[in-house]
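Have a look at the structure below, then the notes.
The values are calculated or read from the model by the stated rules, or taken from the named source; none is laboratory data. Since the model is a prediction, treat every value here as computed from it, not as a measurement. Ideal geometry is used to build each Cβ from the backbone, glycine not excepted, and the neighbour counts take in all protein chains shown. Ligands, DNA and RNA are stripped out before the accessible areas are found, and what is left, the full protein with its side chains, is counted by its heavy atoms. Shrake-Rupley method; radii C 1.70, N 1.55, O 1.52, S 1.80 Å.
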Amino acid sequence: MSVATTKTAVIVADPSKGVKVDAGVVAKPFREEIKEKIKFLKSQGIDAPLLVGLLANTDPAAKKYAEWTGKACKADGLRYELRVLDDPIDVDDALVEANNDPRVHGIIVYYPIFGQVESFSGESHDDFLRDSVSFKCDVEGLCHTYRTNLYRNVRYLDYPSNAQKCLLPCTALSVVKILEHCPGCYDFSKPIGRRMEGKTVVVINRSEIVGRPLAAMLANDGADVYSVDINSIYMFTGGRLHKCEDETPESCVRKSSVVVTGVPAKAYRLPTEWIQPNTTVVNVASFKNVDEDELLKIPGVVYVPLVGKVTVAMLERNLVRLFDQFHHPNIKSSSNNAIIKEQPWYGNPLNLYTAAVITALLCLEVVRK
């Protein structure tokens, strides 16, 4: 799936002050394309892709995300089934069942599960669950296959055919798509892998879900990326990772034209005096990591306070990609809504006829001799 508007900045900065942006303007074209895809499938008598959610915790953010997912899927014509589990110990079996169910095209597990309460498995079991989701159903792009390829900057599963794209983590991908729409972040005149060359980015938080993969993704697009966490700072640049001994969070922010905050703490505030004019600031945390009023006083700043709408759109986009690549690879919609089917082994009827005639002539020649 591709959306042409991703190559055009739809967010405009104001040189005299900061601008607050609703990420819905970025999500809309992706969701419209998904609706068109579902409309096409229905016209061919094909059921929409089915996403199964596994919820086994009482975390309010996880419940809200599950609610948003269900509403968005329903609005866009996708099928969604939430399976609520009373005991976390049942998640393993539920996940195996979903992986093996041919009706299921995508799976999302709402974390944290084992990190919330004391358990025999321990909080590291959440990592085990992520790696247990089949790569053919992993809409979150967090299983071992996709993570490994991301950190190695491998973009396809089937090199050298390059027909099956690797999936990327939804929230991190949503930030990339937002930046693609912001002025001065991506240069689409450059080839893939170099479109953020010359840009310096700081990502504050190094979680496995957002911070770490996002830093790698932006570095894979050519940026110099500072990854800032509680006790350390690293830089991704030129395909390499370096530990920064002489940098501070302040120095990193002051050097950056893009600042991404993802600190899951209500009390945390990024000092706005560190942020330079014309900086793009994206908040991916469930709490506001910056004083919004002070930030919007800075000339040219573009501020995106929430990424949830785009995250859900990327989730749906990943689901459709899994559906196309692994579950219904023979049926894809083209720009004119025709069905494109895989060619049979002989190519087309003319090829088959030609091969048959040549074979017959060769047989006659052998008989004559």
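Of all residue pairs spaced 6 or more apart or on separate chains, those with beta-carbon atoms under 6 Å, a first member in the range 256-275 that is part of a loop (DSSP other than H, G, I, E, B) and a second member that is at pLDDT below 95 and open to solvent by 60 Å² or more (accessible area, probe 1.4 Å) are Lys266/Phe287. Say whether the condition of being open to solvent by 20 Å² or more (accessible area, probe 1.4 Å), at pLDDT 90 or above and outside any loop (DSSP other than H, G, I, E, B) is met by at least one residue in the range 105-115. No, there is no match, as no residue in the range 105-115 is open to solvent by 20 Å² or more (accessible area, probe 1.4 Å), at pLDDT 90 or above and outside any loop (DSSP other than H, G, I, E, B).
The conditions of being in contact with a Leu (Cβ under 6 Å, 6 or more places away or on another chain), at pLDDT 95 or above and on the phi < 0 side of the Ramachandran plot are met by Thr261. In this structure, is Ser207 surrounded by 14 or more Cβ atoms within 10 Å (Cβ to Cβ), part of a loop (DSSP other than H, G, I, E, B), among the polar types (S, T, N, Q) and touching a residue at least 24 places away in the same chain (Cβ under 8 Å)? Yes: the conditions hold for Ser207. Considering only the range 313-332, state which residues are open to solvent by less than 10 Å² (accessible area, probe 1.4 Å) and either farther than 23 Å from Asp101 by Cβ or among the aliphatic types (A, V, I, L, M) (or both). Of everything in the range 313-332, those that are open to solvent by less than 10 Å² (accessible area, probe 1.4 Å) and either farther than 23 Å from Asp101 by Cβ or among the aliphatic types (A, V, I, L, M) (or both) turn out to be Ala313, Met314, Leu315, Leu319, Val320, Leu322. Would you confirm, using the coordinates I've provided, whether Ser256 is of a type in the set (S, T, N, Q) and either under 30 Å from Gly141 (Cβ atoms) or touching a helix residue (DSSP H, G or I) at 6+ places or on another chain (Cβ under 8 Å) (or both)? Considered against the rule, which asks whether it is of a type in the set (S, T, N, Q) and either under 30 Å from Gly141 (Cβ atoms) or touching a helix residue (DSSP H, G or I) at 6+ places or on another chain (Cβ under 8 Å) (or both), Ser256 comes out as yes. Summed over the range 148-181, the residues that are surrounded by fewer than 22 Cβ atoms within 10 Å (Cβ to Cβ) and outside any helix (DSSP H, G or I) give a count of 15. When Ile230 is tested against (1) at pLDDT below 95; (2) open to solvent by less than 60 Å² (accessible area, probe 1.4 Å); (3) β-branched (Val, Ile, Thr), exactly one condition is not met: (2).
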